[in-house]
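Here the structure comes first, spelled out in structure tokens, and everything after it is commentary.
The numbers here are math on the coordinates, done by the rules we state, and not lab data. The structure presented is a predicted model; accordingly, all values stated were derived computationally and were not measured. Positions of Cβ are backbone-derived with ideal geometry, glycine not excepted, and every protein chain shown enters the neighbour counts.
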Amino acid sequence: MYWGKLSTETVKEKVFDALNKNLNYATEPILGLPGTYLDREQFYDSPFLKEAAYLSVLMNNPNHIGCHTYNQGEKYFLGTQQLELDLLRICAEEIFGAPKLQYDGYVAPGGTEANIQAQWMYRNYFVQKNNAKFSEIGVVFSEDAHYSVYKGANLLGIRPIAVKVNHDDRQILLDDLHTQLKIAHDDGIKYLVVHLSMGTTIFGSVDEPNSFLEVAKQYFKEYFVHVDAAFGGFIYPFSSSNKDLTFQNPEISSITIDGHKMLQSPYGTGIFLCRKGLIENVQTPEAAYVYGSDFTLCGSRSGANAISIWMILMTHGSVGWTESIHDLVERTNYISNALDIMEVKYYRNPYMNIIAIDANEVSEELAKRYFLVADNYNNPQWWKIVVMVHVKQETLDEFLEDLKKERKESGLLAKKH
Ligand SMILES: *Cc1c(COP(=O)(O)O)cnc(C)c1O
């Protein structure tokens, strides 16, 4: 994996160059487009905008509607579309190991849409190629998977199949996988979408595809595998050399990544990627007024979102980003070491920046004081810490100190020794 770092000045120049290659609503005789620049009363021109590349794109408001890895799409915004294509190339080829240009994708509103887009694509594939009924299609996932998997199944009329995990290591219970798939199969499910996570939202746990698929294949000949890397996509590939959940594994057909989680881009920056030959299943040919037609769930989408992710990746370069992730993982190690010394029970994937503390080990009051997030607010079993960029060493130390004090007072520490 390697993409170079660019200076702030060069990033700015490239974005303004791209913007200049777009159609300009202010200077060209545009009579037919149902789009324009942002409201000028509120978002008025100002000298500082010449220095602010992202805000300038936001003001010019390019629409990246369509899927430009498939065809050129709308010809009005070719400059900024080109930067989106470069961004998708970096994510698909460099971070997730796809062969050169052998993918389609787009910058989606978020991970939720990208996950639904995947289910939609596979559902239509089974309907078109196998004449499947919606009720014959299932999507299988671990109980720790993000809830968007249920949204998608609900919208698309396919069956959600949740599989239990081991309480301590958050890995799929293969016995339960057997049981659930057998029930689904006996109930008439014939086609399967396998939804695996590279970093679950609550635990940061990473699914192991080989044993999962070995079981799935015993019940289903026709299946596709989608990887939800909404949380982990800009973390795990930089901290671990395991490629099982990337396009280097021929079993993996599509991937969701979110810029607006770890990468610190603005909300509206999900990324959907799939192998070539699949996205045709969600083409909407009726989108006749869109050049190049539409293959996405959302339709119109802001070009500024794609630009923001591209700018961040260029600012760090792959080496710089790898270092940042390394630092976060180290800071997470610091907490897990401290918890080990205190003999606090917790879950953590060593390549991720999440620590889920067993709810018996910390008071709800302390958890809430530091805004830890519960797995389930009705009955918390875990409280998680996510080591994001804003999480300072001092705050961690204060928390650990308070935890130590609390455990001493409650006699928890004494009981164990
Ligand atoms: C956040 C998250 C999503 C949903 O993403 P949104 O961008 O909030 O739509 C999906 N999957 C995982 C694992 C996530 O962490």
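Considering only 257, 267, 134, whose Cα is most displaced toward the positive end of the charge dipole of the chain, charges sitting on Cβ of Lys, Arg (+1) and Asp, Glu (-1)?
The residue sitting farthest along the positive end of the dipole is 134.
May I ask you to list the lysines whose Cα is less than 20 Å away from that of residue 100, ignoring any residue fewer than eight positions away on the same chain?
243, 276
Quick one: dipole size for the stretch 173-325, taken about the Cα centre, charges +1 on Lys/Arg Cβ and -1 on Asp/Glu Cβ, in debye to the nearest 20. Kindly include the intermediate steps, with their values, before the conclusion.
Values: 9 positive and 16 negative charges, 78 e Å.
Approximately 380 debye in magnitude.
Which Cα, out of 389, 321, 351, lies furthest along the positive dipole direction of the stretch 317-416 (beta carbon charges, K/R +1, D/E -1)?
351
Tally Lys/Arg at +1 and Asp/Glu at -1 over every other residue whose Cβ is under 13 Å from the Cβ of residue 210; what's the total?
Counting the neighbours of residue 210, the net charge comes to -3.
Could you compute the longest span of the chain free of GluC sites (Glu not before Pro) located in DSSP loops and having at most 14 other Cβ atoms within 10 Å, not counting the site residues?
By the stated rule (loop sites, at most 14 other Cβ atoms within 10 Å), 144-285.
For the stretch 248-265, in order, what is each residue's ³J(HN,Hα) by Karplus, 6.51 cos²θ - 1.76 cosθ + 1.60 with θ = phi - 60°, in whole Hz (x at glycine and Pro)?
5, 8, x, 6, 7, 10, 8, 9, 9, 9, 10, x, 7, 9, 7, 7, 6, 8
Go ahead and set up a Gaussian network model of the chain, Cα springs under 10 Å, then flag whichever of 305, 337, 353 fluctuates most.
Maximum fluctuation in the GNM of the chain, among the listed residues, is at 337.
Any lysines with Cα under 16 Å of the residue 217 Cα? List them, leaving off those in the same chain fewer than 8 positions away.
Counting by Cα, and skipping residues close in sequence, residue 217 has these lysines nearby: 182, 190.
Counting only C-alpha contacts under 8 Å and six or more residues apart, can you give the relative contact order of the chain as a whole percent?
About 19 percent, as a whole number.
So how strong a dipole does the stretch 301-345 carry about its Cα centre when Lys and Arg Cβ are +1 and Asp and Glu Cβ are -1, to the nearest 20 debye?
Magnitude of the dipole: close to 300 debye.
In this model, which of 368/405; 221/261; 5/50; 50/392; 384/405; 345/368 are farther than 25 Å apart at the alpha-carbon?
221/261; 50/392, as the Cα separations exceed 25 Å there.
Would you mind working out the magnitude of the charge dipole of the chain relative to its Cα centre, with +1 at each Lys and Arg C-beta and -1 at each Asp and Glu C-beta, to the nearest 20 Debye?
On the way: 38 positive and 52 negative charges, 107 e Å.
Result for the chain is approximately 520 debye, rounded to the nearest 20.
Less than 20 Å apart at the alpha-carbon level, and either on another chain or at least 8 residues along: which aspartates and glutamates does that give for residue 164?
Counting by Cα, and skipping residues close in sequence, residue 164 has these aspartates and glutamates nearby: 143, 144, 175, 176, 186, 187, 207, 208, 214, 228, 358, 375.
Go through 65, 38, 25 and say which Cα lies farthest out towards the positive end of the charge dipole of the stretch 1-68; charges sit on Cβ, +1 for Lys and Arg, -1 for Asp and Glu.
65
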